[in-house]
Each structure stands twice: as structure tokens, then as C-alpha cells.
Amino acid sequence: MSFEDEWASVRSTSTANVSMRLNQVAPEPGGGGGSADLSVDQDKLGAIGSAAYALHGRLAKDGNHARTSTTEAGTGLSSHGFLTGSALSTVQETWSSQLNTLLDACANISNHLDYSAASHAKEEADIAAALSTSKINEYLK
């Protein structure tokens, strides 16, 4: 069998065994024909943004609750020659770094949701204005 014949055979069997599958959300009950419009629920965005802001506030306050005592314990243990002291200091540094990362993430979520809500409201107003002027133009023709 020549290379071309073998290649054609492999191609035909491989395409015969392929089926298309798309990753998608299950269709709404009642069949197709639904609207594909983008919709944003301002109340939901506001609630999520408020929750992120509240979490940021609680983390900023409660996340450092044990910082002073942990730092003092690590320093005290290290000064007496215990290896646990340096390990405890490392844990505190790691905790502080991770806490700051989480605080930044909460702030970003809150800020981005505020921006998204404002941006979407502006786009809605622009679209509504464009649609109303296009209706006026129809009557002027």
C-alpha cells in the first residue's frame, strides 16, 4: 500500500469517528428561540460588590488580629535559641503576604463591579439614545 493510500485510509477513518461537541450551557426549558441579549442585574452586581467591600473591611481588621502576639512569640523563641521562633516568624510573614493578596483581590472585585455597573448603565443610555434617534430619523424621511 502506498503512502497516499494509507494516508487517505487513516483520514477517512479518523473523520468518521469524530463528532462535534460544544461546551455550552444547557438550553432553557421550552426550546430555542430565546433572546441572546446581554443583561446585567444592577442589584446583583451591587450586592456582590457590597459583600466584597464588607469582606475587605473585616479581613483588614480581623486578619491582623494575631500579628503582634505572633511576632513577639517568634522573636522571643528565637532569642532563646528555639528554631520554632524563626518558623513562627516565617508563618507570620507568609500569612501577612497572603492576607494582603486577598485584600487586594477583594478591593479589585469591588472596584471592578462598581465600574462594570456604571459602564453598563452608560452603554444602556447610549444605546437607548441611539435607538430613539434612529426612530426619529425614520419619521423624517
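The values are calculated or read from the model by the stated rules, or taken from the named source; none is laboratory data. Please read all numbers here as calculations on a predicted model, not as lab measurements. FYI the Cβ positions are ideal-geometry reconstructions off the backbone, even for glycines, and counts take in every protein chain you see.
Points worth noting:
- Flag for residue 19 being at pLDDT below 75 and among the hydroxyl-bearing types (Ser, Thr, Tyr): yes
- The requirement of being at pLDDT 90 or above and either closer than 30 Å to residue 127 by Cα or not basic (Lys, Arg) (or both) is satisfied by residue 70.
- Matching residues, the range 73-99, being under 30 Å from residue 51 (Cα atoms) and surrounded by fewer than 14 Cβ atoms within 10 Å (Cβ to Cβ): 91, 93, 94, 97, 98
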